[in-house]
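Reviewing the structure listed below.
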Ligand code: S3P
């Protein structure tokens, strides 16, 4: 297992490279898919083999929690893991607190799993996760019979006692959230009858795809107005199944945007997941004039995958509709950096969910851009970035607020800005993208430890 994030902050600085970025690379495995592979492998009968698992802090926390719940989880080599599952309904009461670190996905999905097992578990996380709302999963999971005791607002640490006789429910998501959808479906696995989730706006469907891959019976129907109704038959026998985890498009976003903004760059990123419900950034960048080619499209482990080739070029501002937000919710830090180099105004609409991510990302992005000399405003739930097609000033130190994507986004900004950009702490990057700095350096990026005091 990786070392937990240490307390000592690790500042880094990024400056404009003398040469363009070039070369080919692979980003680590998809974080969402990695969590789900571990969870469903733990519930399946038999040995599941996973290739390409993301060995980031978040996923390792989920693996450790599942081990405490009785799954037999072992690492065979880089990204190669085996899980001896214990069957739906087979979880043991954990002897210790489940500490999910920085991971909202790990916490919410596991609360779903625990909600329909008759045991009591205690859950906590780091300072960022302890601030994030759990009420959004507590509400439906309580209807299924689980009991929660937690801090005000349902925040971690909390205790959950799962239902002895879980009730299947029909639940309409009040916010577009794949985590909430997945928590209800995972709880529904150990409830008799049909559990239904209705999502007015489609969110990433990795849980549905992987449930089918492990042999669960579920149906997905389109609703009028573009939503979806997902119905799961409870108490299936899940069978172990191999999983090949594609590269994470949310991680690929950073080298992609870096290659767009560093003049003369051309970069290829191999084996990136291009699930349409994750592809909003690619659509948005294309509208801004980016040249990104999909090469060698294929399917791996039930997920669409391609190699992405990107060339630097002029970008123009665009109006990014709120309906697209669920398909690119983690990509706004990267998109906002691209917008800072574009000519004209980019309006990113409907970003209220960014306020409850690893940090209040809406304000973290706006504050970091303003410090870097970019004209930026928050109007209601919209983010406005105004560029003139020239590199922004940079010359700032950015507070990363325990948020891996804020850390990476502002290092990328520094690669194209007129003056270097520093971040106060690169440690959070390990939650989703271990090896980020080395990968970027391998493409020619100038990222290093600062020489003097920040
Ligand atoms: C995720 C869903 C999204 C996303 C997160 C991963 C998932 O969160 O931001 O990084 O794996 O289901 P929400 O469900 O809160 O939108």
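At-a-glance table
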{"item": "Qualifying residue in region 8-23 (condition: farther than 28 Å from residue 261 by Cβ, away from the ligand (no atom under 16 Å from the Cβ) and at pLDDT below 95)", "result": "yes"}
{"item": "Matching residues in region 174-184 - criterion: being touching a residue at least 60 places away in the same chain (Cβ under 8 Å) and away from the ligand (no atom under 11 Å from the Cβ)", "result": "184"}
{"item": "Count of region 198-212 residues which are more than 23 Å from residue 322 (Cα to Cα), touching a residue at least 60 places away in the same chain (Cβ under 8 Å) and buried (at least 21 other Cβ atoms within 10 Å of the Cβ)", "result": "3"}
{"item": "Filtered residue count, region 290-307, keeping only those that are closer than 16 Å to residue 50 by Cβ and assigned to a strand (DSSP E or B)", "result": "3"}
{"item": "Where residue 73 falls short, out of the listed (1) buried (at least 17 other Cβ atoms within 10 Å of the Cβ); (2) within 14 Å of residue 213 (Cβ to Cβ); (3) in contact with a strand residue (DSSP E or B) (Cβ under 8 Å, 6 or more places away or on another chain)", "result": "(2)"}
{"item": "From 84, 99, residue being closer than 27 Å to residue 330 by Cα and either away from the ligand (no atom under 14 Å from the Cβ) or out of contact with any strand residue (DSSP E or B) (no Cβ under 8 Å at 6 or more places or on another chain) (or both)", "result": "99"}
{"item": "Single residue of region 15-24 satisfying the filter (touching a strand residue (DSSP E or B) at 6+ places or on another chain (Cβ under 6 Å) and not in a loop (DSSP other than H, G, I, E, B)) that is nearest to residue 273 (Cα to Cα)", "result": "24"}
{"item": "Matching option when the condition is in contact with a strand residue (DSSP E or B) (Cβ under 7 Å, 6 or more places away or on another chain) and assigned by TED's automatic domain parsing to the domain that holds residue 41, among 295, 237", "result": "237"}
{"item": "Qualifying residue in region 244-261 (condition: more than 22 Å from the chain's Cα centre (by Cα), in contact (Cβ under 8 Å) with a residue 24 or more places away in the chain, assigned by TED's automatic domain parsing to the domain that holds residue 138 and more than 15 Å from the ligand (Cβ to nearest atom))", "result": "no"}
{"item": "Residues of region 296-325 that turn out to be surrounded by fewer than 17 Cβ atoms within 10 Å (Cβ to Cβ) and modelled with pLDDT of 95 or more, as a count", "result": "11"}
{"item": "From 231, 195, 224, residue being over 29 Å from residue 120 (Cα atoms) and either surrounded by fewer than 19 Cβ atoms within 10 Å (Cβ to Cβ) or over 23 Å from the mean Cα position of the chain (by Cα) (or both)", "result": "224"}
{"item": "Selection from region 136-170 of residues that are within 15 Å of the ligand (Cβ to nearest atom), surrounded by fewer than 24 Cβ atoms within 10 Å (Cβ to Cβ) and farther than 22 Å from residue 101 by Cα", "result": "139"}
{"item": "Tally of residues being touching a strand residue (DSSP E or B) at 6+ places or on another chain (Cβ under 6 Å) and at positive phi across region 188-233", "result": "1"}
{"item": "Which listed residue is within 16 Å of the ligand (Cβ to nearest atom) and either touching a residue at least 12 places away in the same chain (Cβ under 8 Å) or within 19 Å of the chain's Cα centre (by Cα) (or both), from 417, 399, 336, 342", "result": "336"}
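The values are calculated or read from the model by the stated rules, or taken from the named source; none is laboratory data. Predicted model only: the values in this text are computed from it and were never measured. All Cβ positions, even for glycine, are placed from backbone atoms using ideal geometry, and neighbour counts span all protein chains on display.
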